[in-house]
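Step one of this worksheet: look at the structure below.
Read-outs: derived from the displayed coordinates by stated rules, not from any lab. Because the structure is predicted, anything quoted here is derived from the model rather than measured. Cβ: placed from backbone, ideal geometry, glycine included. Neighbour counts: every protein chain shown.
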């Protein structure tokens, strides 16, 4: 399984103990499919900032797991006229204010540790007998900090944070838009250095096993139309 911390997302390849999935061939007698090609209207095209590359590959039985959490949220702070119920509604995707654009976001910081400015947690619960083959830690936000390639990471096997140094694998700060017509590339939103970081944490997750994983101090900007995870 792949284990991704989106929020900070961890992707993990896991071998499930004693479990093998049998694939049943799909058969049908329908006539051959003949695609119908139709002209599409002009639209904004996504920009490929960083081409996809293979992160991990294996031929085995198993499954994938993705888990993670957010590092920014709605708040009554800096949002005049908003109530705590508005905040709760937004966090549940209901009400009139459900978009990042509707709020000046603030950090999530749940660890009670005065040395961190943001932190969030997610729990891993693998089936008995499972083994972790690969675990990748991903985080993303908007920031110009030179510390974007590192985060704090705490696992069920550790009693405190350890610094994980990875790499920035995507960054929109250098994206230049040379066209303004309807088929032009869409501008980054929010504008500026939206980035994604990655670190291979396979050995840490193999040692940590099931339980709560916490990520902290992801470099991020707060405010309207901002995000981090």
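Brief remarks on what is shown
- Model label points for residue 57 and residue 91, set 7 angstrom from Cα along the Cα-to-Cβ axis, are 4.3 nm apart.
- Zone residues, region 141-160, relative to residue 117, backbone N less than 15 Å from point 7 Å out along Cα-to-Cβ: 141-152
- Whole-Å distance, taken between Cα centres, linking region 188-229 and region 60-135: 11
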